[in-house]
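The values are calculated or read from the model by the stated rules, or taken from the named source; none is laboratory data. Given the structure is predicted, the values throughout are model-derived calculations rather than measurements. Cβ placement follows ideal geometry from the backbone for every residue including glycine, while neighbour counts extend to all protein chains displayed.
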């Protein structure tokens, strides 16, 4: 396990202190980071309720000699009939562990898909987002926004000269991001656009979200959350005195956020009207996701993953005793998070159960994103790497 050096709980508290004292203007946000080439992944092992392996897929067992019940070919061990073709599901990249499970460019070893390095030497990839065709990320130190086809081609720079790009979001037509150092909020039309300023003069813009009509962002320097229409217009302050709103999420009618220093999970109608506390007395709430009428979030200080209905109610703890979980993602079956102290990416079923470690031994994992087929993440390995792994 390698030490993590990201903006963890201690760093967050230092940032909050600096904001209160007014010294945030000169405070450096990025630590002095060492980098290394990725090591080989560990052998599979299971300890208690936590499972660690080098990949995911089917059972990982070799197929035995069989004849397809639908009149397919007869296959001798260790191959299996997959749609009329004899394949070894222990090594076949298109049928890894089970027929039809594609490793999306990764190797298949012992029936499990390996991760794929999409890009390296990406500086400080603080945030990552995906759409059906591409993966996008920010290079904070290089002042760039980049794009790459999921498992092919080379990264393309789509914006440069950005002053400290930090968080990024997308809605299928646009990507938007915050320039934390430059105090600007930006947008770019994915069809044929170039970078445009949505708002300037912002005081340390941090988290950002987007729906089909509006962009929402938080400002650490003023402890506010603002909104502006994608089509342009004036910037409206939605909420004030939010105590470092570290992450935002939106659904059809509500805006949600984590108040890190306020120790609360909150929501407010998109049209305004005052906020409501969903959960209070939290220990370091730092990132959240809204999905299927549930809010999922991570507490970096207490090392927990929790969920609560969007309508309110009792919070349910999904995972505990973690190092410092700082980013979260959710799909139809699992909750995923990165842990900067443990240097790992893990997942657990939505209702709890066994934690599965997808990747570990990382130097400062930074961000995570999902689509229907794969998991994407960034870390400071290989001087800033973007990784992908088939689900």
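Brief remarks follow.
- Yes/no for residue 173 being in the same structural domain as residue 366 (by TED's automatic domain parsing) and over 16 Å from residue 389 (Cα atoms): yes
- Residues located in region 229-257, provided they are more than 24 Å from the chain's Cα centre (by Cα) and assigned to a strand (DSSP E or B): 229, 236, 237, 238, 239
- Residue count for region 169-179 satisfying the condition of being surrounded by fewer than 21 Cβ atoms within 10 Å (Cβ to Cβ) and in contact with a strand residue (DSSP E or B) (Cβ under 8 Å, 6 or more places away or on another chain): 4.
- Hits in region 290-306 (condition: farther than 20 Å from residue 238 by Cα and buried (at least 18 other Cβ atoms within 10 Å of the Cβ)): 295, 296, 297, 298, 299, 300, 301, 302, 303, 304, 305, 306
- Listed here are the strands (runs of 3 or more DSSP E) enclosed by region 122-227 that have at least 1 residues being at negative phi and within 21 Å of the chain's Cα centre (by Cα): 128-130, 134-139, 144-149, 156-159, 165-170, 174-179, 184-189, 205-210, 214-219.
- Checklist (1) over 26 Å from residue 101 (Cβ atoms); (2) over 11 Å from the mean Cα position of the chain (by Cα); (3) part of a strand (DSSP E or B) applied to residue 346, failing item: (1)
- Residues satisfying the stated conditions in region 244-275, i.e. in contact (Cβ under 8 Å) with a residue 24 or more places away in the chain, surrounded by fewer than 20 Cβ atoms within 10 Å (Cβ to Cβ) and at positive phi: 272
- Residues of region 282-306 that are outside any strand (DSSP E or B) and within 19 Å of residue 351 (Cα to Cα): 292, 293, 303.
- Selection over region 271-293 of residues that are more than 25 Å from residue 240 (Cα to Cα) and over 17 Å from the mean Cα position of the chain (by Cα) gives a count of 2.
- Search result, residues across region 307-321 that are assigned to a loop (DSSP other than H, G, I, E, B) and under 18 Å from residue 334 (Cβ atoms): 320
- Of all the criteria given as (1) assigned to a strand (DSSP E or B); (2) over 19 Å from residue 135 (Cβ atoms), the one not satisfied by residue 341 is (1).
- Residue in region 183-226 that is surrounded by the fewest Cβ atoms within 10 Å (Cβ to Cβ), counting only those that are touching a helix residue (DSSP H, G or I) at 6+ places or on another chain (Cβ under 8 Å) and modelled with pLDDT under 95: 221
- Residue in region 351-359 that is modelled with pLDDT under 95, surrounded by fewer than 24 Cβ atoms within 10 Å (Cβ to Cβ) and over 23 Å from residue 332 (Cβ atoms) present: no
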